[in-house]
Amino acid sequence: GTPAISDPGARLVRAALDAGLRVVPVSGASALTAAASVAGLHGDRITFAGFLPAGANERQRLLRELAARGDAFVLFEAPHRVAATAAELAAALDAGRRVVVARELTKMFETLRVCRAGELPAAIDAEPRGEYVLLIDGAEAEPTEIDAGTRRWLAALAEELPASRAAAVAARASGLPRAALYG
């Protein structure tokens, strides 16, 4: 990895600097920039979230927050957690949102798959190996006019369900983007 880009090497860099040593950058592949350069993400903003938190509640909260923003975002994931993360992403995102799954970039078994969020769990290898970069494209701009009837349904659902789930149900029923209903 590249020090300070979701890599523990940043601690070594800090220790070297604290010891008065000079640290010189060496150009090379960072999974973040390598993946972003071939993903074809649209928009002018990419949020780098790195590795997700280990705690389920914190992880799901962060995914909901990132999904609701609408900007493109990038995650790193380990092979033993990538299937679970793919399922969580599929649940948090609008099913049609574009996702790029990059694995083992610049290496012999490099793969790059483009899918929609609803297809994401199936895009992960049955026996995942190597480090993954998950690039979620920015949400497509869609009309977000929410009529009074949809607002009433959303309010009623929000009384019974978590906000994320209420928005997902309302999106399916109304055809409006989930991100426009979540909030």
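Here the stretch 105-183 is treated with +1 on each Lys and Arg Cβ and -1 on each Asp and Glu Cβ, and its dipole about the Cα centre works out to around 120 debye.
Angle of helix 148-160 to the longest C-alpha principal axis of the chain, folded into 0 to 90 degrees and rounded to 10: 70°.
Within 9 Å, Cβ to Cβ, of Arg98, how many net charges do the neighbouring residues add up to if Lys/Arg are +1 and Asp/Glu are -1?
On the way: positive: Arg97, Arg116; negative: Asp137, Glu140.
Counting the neighbours of Arg98, the net charge comes to 0.
What percentage of the solvent-accessible surface of the stretch 58-183, computed with a 1.4 Å probe over protein heavy atoms, is contributed by carbon and sulfur atoms? Walk me through the numbers before you get to the answer.
Numbers: 3530 of 6630 Å².
In the stretch 58-183, the share of accessible area belonging to carbon and sulfur is 53 percent.
In the chain, taking the dipole from charged Cβ atoms about the Cα centre, the farthest positive-side position among Leu75, Leu32, Leu17 is held by Leu17. Ordering of 76-84, 109-117 by packing is 76-84, 109-117, highest average first (other Cβ atoms within 10 Å, averaged per residue). In this structure the chain gives 58 Å² per residue of accessible area when probed at 1.4 Å with all protein chains present.
The values are calculated or read from the model by the stated rules, or taken from the named source; none is laboratory data. Bear in mind the structure is a predicted one, so any value in this text is a computation, not a measurement. Neighbour counts are summed over all protein chains in view; Cβ atoms, including those assigned to glycine, are modelled from backbone coordinates with ideal geometry. With ligands, DNA and RNA removed, areas are computed over all heavy atoms of the protein, side chains included. Shrake-Rupley method; radii C 1.70, N 1.55, O 1.52, S 1.80 Å.
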